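The values are calculated or read from the model by the stated rules, or taken from the named source; none is laboratory data. This one's a predicted model, so the numbers in the text were calculated from it and none came from an experiment. Note: ideal-geometry Cβ built from the backbone for every residue, glycine included; neighbour counts use all protein chains shown. Ligands, DNA and RNA are excluded from the accessible area calculation, which covers all protein heavy atoms including side chains. Shrake-Rupley method; radii C 1.70, N 1.55, O 1.52, S 1.80 Å.
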Amino acid sequence: MSEQTLIPSAGSGAARWIGKRVERKEDARLLTGRGQYTDDVVLPGMLHVAFARSTIAHGRITRVETSVAAELPGVHAIYTARELAAQPITMMSFFFTPSEVPITPLAGELVQYVGDPVVMVIAETRAIAEDAVSLIEIDYEELSPVVTIADAMAAAPIHPGTETNVASEIGDEEPEEDLAQALQGAHCLLTQEVVHQRISQAPMENRAILATREGPEELTLYITCQSPHNIARWVSLALGLPQTAIRVIAKDVGGSFGLKNTPWKEECAVICAAMLFGRPLKWTEDRYEALTASNQCREAQMRLSAALDANGRLVASHAVYDCNNGAYPQGADNNIAVHMFLWAAYKMPAYAFLSRGWYTNTNGLAAYRGPWAMESLIRETLLDKAARRLGIDPVEIRRRNLVYLKDQPAVSCMGIPVDDITPGECLEKLVAHFDFAAFRKEQAQAREQSRYLGVGIAAYIEPTGSAGSMVTMTGELAQVRIEPTGRVTAMMSTHSQGHGTATTMAQCIADRLGVAYDDVTVFEGDSSRGGFGPGAAGSRQGVIGGGAAIRASEMLADKVRVLAAHLFNASPESVSIEDGIVHIAGAPEMSRPLGEIANIAYAEPDRLPPGFEAGLEAQFRYQPPPMTLTSAAHLCVVEVDTDTGFVKILRWISSEDCGTVINPGVVEGQISGGLAQAIGMVLLEEMPYDARGNPTAATFKDYLLPAISDVPVFEFIHANTPSKTIGGMRGVGEGGAIIGPPTLVNAIADALSPFGEIEKLVLPLTPARILDIVEQRDVSGFGASHSEMATAPVADAVQEPEAPPPMPENSQEQSAAEARSIDGDWNMVLKTPMGPQPMVVTFATDGAGGVSGMFSSAEGSQAFDGGRLDAGRVRFDLKVEKPMKITLKYDLLIEGDIVSGKCKMGMFGSAKVTGQRA
Amino acid sequence: MSEYRVEMKVNGRRVAEAVEARTSLGDFLRLKLGYTGVHMGCEHGVCGACTIMVDGRAVRSCLMLAVQAEGSEVLTVEGLADAQDALHPAQDAMRKAHGLQCGFCTPGVVMTLASLCADRRCDEQSMVAAMSGHICRCTGYQGIRRAITMLAAEVGSAGSDT
Ligand code: FES
Ligand code: FES
């Protein structure tokens, strides 16, 4: 691990806190169970909410029967959409734009997804509320569900009053003629196709809300969110109340990753009911609801074409992108950012695209760490494919096309100015840390033993710290004060759902004020404290909040200097603050604790210089450049087990430029968390729906999150260059989840390259899908269900995985003799995990070491060929279809009339084979 | 609903309460006794966030009923350290190693590590293996791994002395 090189900064004190791996302020509390998450909060008179939800994906509600439920002791109220409408609410996107289709907290006439809340029960306890829900009857007239993107393209619109299921669209159906010509006429035209599965953000803390109406126009909310300020603003607009009437508190939030950006149906229902019913109401989502009824993300498909010249330089590109918005997205979305950043770090002369979002009868689309991440995945995997096609090294193809510092300033093909990016420089540092030649040697040796190692690299840039371009994306406010005691407190507009902003902001303040880190306390998490800020959205808090904290602290330090200079009859320039002590240069006897100066500033107006505002307080709202770009290059090494389809990650190196690092532990934590989520997306996680629109991953046993055993130790190279913001930070919250997937996919593709290309990348790469590639046939069954998008593998790319070893010359005759001896029928028993399976095997040899034959058992018979006989050892593969698609690898020893050996059965391990001649 | 009276010791204090038969030990500790450091991440035994100790062994409190803890000694994360503001070595290692971000999975992680320490099974391998039963969505487990290494060195060597 390389140490962070500190960027010199002009603070007032000698002790540097920016750049230090200090322990986090949050941790003592969180480690001892003293966090305050929303569900931990209890108010007097509080009642609990549970929802009766739609059991069908699409239909008309014909009857709702709640009378039995209402009679249950402990039930206080039951609301349907009709009753709840007494408190109107306008549900909006994260950008405060009203929804394109009307959304109500509870479904009124139509249910649009399985899990759509229909009835709300308010009861003494959650258990009673759930009991009551089970007594509610809802009848539907079922309509045909629209589940997939392909369904949406073909089906009638799900939302009344709309003409198609297109939620949002941008771009051109067909590329312009020039572009089409550039693509077709190029030396090499490559197409990459990605089918990205649906992901559940799955923060460990589920959504929760506790709403209490304090008066006719006063509402206090405890809510799982990404910014209390943003929620207060959103709710005030949604309810038409002044923002001052709404106080939002979220002291601790157990992760969010985009999910908790805005309140959605359930939270809004609780808010409306709290306004109507007048008692504090709490709803805490359980994991079943979280997985099946919460918003989700990522489901998309994209086809990218890119043309390259004979030197491997990019010439032109075109893409078609479609994403599933579900029924009620948090803002109808065609994900334009995919196209904006697809080629922004590359010298790509021409690009055009079509991008569409589709409504379906599934859970709504919400944000997730790097929502546009498809661009890096599809581009970087395409580049590796191009490198293999053209016979260029993957590092080299990037060197020829990346925008290095020497090429800047530049403007991307989408008009994005880039004058401050270093993906190429990150790549060079990365490559210097890895011995490719040695790896290629090891890889070649491993392949001889049928072990498949692969290395993958990827490079990218990412927009962070966005402010000023969208209504929600504002600057951040820091209010810093030196208390009369000399302790420093700050109210920040930032918010942590694990980010550790109370730590990093305190480091910025301690550094620039010249006080000890332990003497700084940062308050956040309450909309009644601090100014507006959108919180954690788009890797922005370190950049903007950090800049605000730094500048406010510098302003405050200046104020101390002016006062101390006046008190000691010195010049402000001669005053310094170090570790909480105010010094006058050349006069050590005049050194005073900051508290003493502060006390004078607050309590002794007579001693202040003329015009000096009493107290020691400063505030600064930082409006940074509209966006700050972060760059990185990553590398990973994998081993793919071609028998089981399992992938083992052996090594992972991150080389990133995130500007000034406030706390390396926090920065590495953010990248690592994103990378773990990337590993989940590539190998494990999937939220599938059946044809009727039922989400079929309802527990963490179906929805597989990465465990410690799935995630390797990450190595970090901090290749930082300060940005142009105050403090020089660059955002780092999302990057791991963006660059992780292509890095890992490229490593797997490299490992599997002897078997052919991954023609269509379908995520996750489950063991079965890995075997699709190994065997170049549809083992996973995905191809059959998605035949409309299936493409045939490129035949000439497929090489024999294991060429049969050349026959030693002197054994030719001997083997011919043996060959005759094994021909005929053999009775064998295969000891499978399900019990012994008897069968008759018929061998036929060709006299030159080749073996073919037939397997017969009660289940039927199956032929095989391509086997080898060598010195009494018979080896062959049997590709079976039942009970599942799997390749059985037989390795048998024949001695006289007796046969013994084993059969490798993919992920099920090996089974013993015994038998004798029939 | 059938109610039962249960008696147990929680964090060293005796409690006697009436509970419904269906109430999980986790809900009982959170809702009845206010030990909100017991976190419910899945309520079906996979995530490990709700891990506490019952009679010295790590237990998923979402999978155990309160009535099953009758007569037991229960320890939650609130009662793990010796003194009010002290940290148990497992908590201290997690803090030093940046083993947490949002802190939601953390009480469970800490309780499992602490129970392994108490059991003298605090070699690195056993602790990493036990950690595969905990889901952390934030950290990518890097800090947890480092905390385990620190803890194994510290408590492991202290243990072998005695
Ligand atoms: S809440 Fe008990 S294991 Fe997840
Ligand atoms: S720290 Fe957030 S889930 Fe582990």
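If I stretch the segment between A:GLN36 and A:ALA85 completely, what's the gain in nm (0.36 nm per residue apart, minus their alpha carbon distance), one decimal?
14.4 nm
Quick one: what are the phi-derived ³J(HN,Hα) couplings along region A:628-644, Karplus 6.51/-1.76/1.60 with θ = phi - 60°, whole Hz, x for glycine and proline?
In residue order, the calculated couplings are 10, 9, 9, 10, 6, 9, 10, 9, 9, 10, 10, 10, 9, 8, 7, 7, 9 Hz.
Give me D for region A:435-522 in µm² s⁻¹, whole number, from Stokes-Einstein with Rh from the Kirkwood sum over alpha-carbon pairs, 10 °C and 1.306 mPa s.
Taking Rh from Cα pairs, D becomes 90 µm²/s.
With N set to the number of residues, divide the alpha-carbon radius of gyration of region B:3-78 by 2.2 N^0.38 Å and report two decimals.
Relative to the rule-of-thumb radius for its length, region B:3-78 sits at 0.96.
Ordering A:THR485, B:THR76 by how much accessible area each has at a 1.4 Å probe, largest first, what is the list?
A:THR485, B:THR76
Nearest 5 percent is fine: what portion of the DSSP beta bridges confined to chain A is antiparallel?
Of all bridge pairs located within chain A, approximately 85 percent are antiparallel.
Calculate what fraction, in whole %, of the accessible area of chain A sits on carbon and sulfur atoms when a 1.4 Å probe is rolled over the protein chains.
Of the solvent-accessible surface of chain A, carbon and sulfur hold 53 percent.
Restricting to Cα pairs below 8 Å that are 6+ residues apart, what does the relative contact order work out to for chain B? Please round to a whole percent.
Once divided by the residue count of chain B, the mean separation gives 23 percent.
Hey, if we sort A:LYS889, A:LYS559, A:LYS879 by accessible area with the 1.4 Å probe, largest down, what's the order?
A:LYS879, A:LYS889, A:LYS559
Jot down the per residue volume, in cubic angstrom and as a whole number, of the convex hull over the alpha-carbon atoms of region A:229-366.
Enclosed volume per residue, from the Cα hull, is 169 Å³.
Plugging the Kirkwood radius over Cα pairs into Stokes-Einstein for region A:431-471, at a temperature of 10 °C and a viscosity of 1.306 mPa s, what D comes out in µm²/s?
After rounding, the answer is 115 µm²/s.
To the nearest 10 square angstrom, how much accessible area does A:GLU218 have with a 1.4 angstrom probe?
Near enough 100 Å² of accessible area.
Based on DSSP H runs of at least 4 residues, each adding -39500 (n - 2.57), what is the mean residue ellipticity at 222 nm of chain B after dividing by all its residues, to the nearest 500 deg cm²/dmol?
Calculated from helices alone, the mean residue ellipticity at 222 nm is -7500 deg cm²/dmol.
Rank these by accessible area, largest first, 1.4 Å probe: A:ARG399, A:ARG692, A:ARG82, B:ARG120.
Ranking A:ARG399, A:ARG692, A:ARG82, B:ARG120 by accessible area, largest first, yields A:ARG82, B:ARG120, A:ARG692, A:ARG399.
For A:GLY59, list long-range residues whose amide hydrogen, built 1.01 Å from N in the peptide plane, is under 5 Å from its own amide hydrogen.
Those lying under 5 Å, H to H, from A:GLY59 are A:VAL111, A:LEU143.
What value, in deg cm²/dmol to 500, does the helix sum -39500 (n - 2.57) over DSSP H runs of n ≥ 4 give at 222 nm once divided by the residues of chain A?
-7500 deg cm²/dmol, from helical runs alone.
List residues of region A:133-153, by number, whose backbone nitrogen lies under 18 Å from a label position 7 Å along Cα→C-beta of A:GLU174.
Of the residues in region A:133-153, none has backbone N under 18 Å from the label point off A:GLU174.
Once phi is turned into θ = phi - 60°, what whole-Hz ³J(HN,Hα) does the Karplus curve with 6.51, -1.76 and 1.60 give for every residue of region A:689-702, x standing for Gly and Pro?
Once θ is set to phi - 60°, the couplings for region A:689-702 become 10, 7, 5, 8, x, 7, x, 10, 10, 10, 9, 6, 8, 9 Hz.
May I ask for the angle, rounded to the nearest 10°, between helix A:812-822 and the longest principal axis of chain A, with both axes built from Cα atoms and the value confined to 0 to 90°?
90
On C-alpha positions alone, give me the angle between the axis of helix A:423-432 and the longest principal axis of chain A, in degrees, nearest 10.
60
When ranked by the protection proxy of mean other Cβ atoms within 10 Å per residue, highest first, what sequence do the peptides A:89-99, A:677-687 form?
Most protected by this proxy first, the peptides run A:677-687, A:89-99.
What ratio of Cα Rg to 2.2 N^0.38 Å holds for chain B?
Dividing the Cα radius of gyration by 2.2 N^0.38 Å gives 1.03.
Which of B:ALA81, B:ALA129, B:ALA152 moves most in a GNM of chain B, Cα contacts under 10 Å?
Maximum fluctuation in the GNM of chain B, among the listed residues, is at B:ALA129.
Computed FRET efficiency, Cβ-Cβ of A:LYS701 and B:ARG121, R0 22 Å: what is it to the nearest 0.05?
Taking R0 as 22 Å, the efficiency between A:LYS701 and B:ARG121 is 0.30.
Using each residue's phi in region A:205-220, evaluate 6.51 cos²θ - 1.76 cosθ + 1.60 at θ = phi - 60° and report the 3J(HN,Hα) Karplus result to the nearest Hz, with x for Gly and Pro.
Once rounded to whole Hz, the list reads 8, 6, 5, 7, 8, 10, 10, 9, 7, 8, x, x, 10, 9, 9, 10.
What number results when the radius of gyration of region B:89-161, computed over Cα atoms, is divided by 2.2 N^0.38 Å?
Ratio of Cα Rg to 2.2 N^0.38 Å: 0.98.
Tell me the relative contact order for chain A as a rounded percent, counting alpha carbon contacts under 8 Å between residues six or more apart.
13
If ligands, DNA and RNA are left out, what is the accessible area of A:ARG447 with a 1.4 Å probe, given in Å² to the nearest 10?
80
Highest mean first, what order results for A:236-243, A:732-739, A:266-273 on Cβ atoms within 10 Å?
A:732-739, A:266-273, A:236-243
Compute the whole-percent fraction of alpha carbon pairs in chain A spaced more than 55 Å apart.
23
Mind checking B:37-49 for the average number of partner chain beta-carbons within 10 Å of each residue's beta-carbon?
Other-chain Cβ atoms within 10 Å of each residue's Cβ, averaged: 6.
Go ahead and run the numbers for FRET between A:ASP139 and B:ARG22, Cβ-Cβ distance against an R0 of 35 Å, rounding to 0.05.
The value I calculate is 0.75.
Can you give the accessible area of A:TYR222, probe radius 1.4 Å, in Å² rounded to 10?
The accessible area of A:TYR222 comes to roughly 40 Å².
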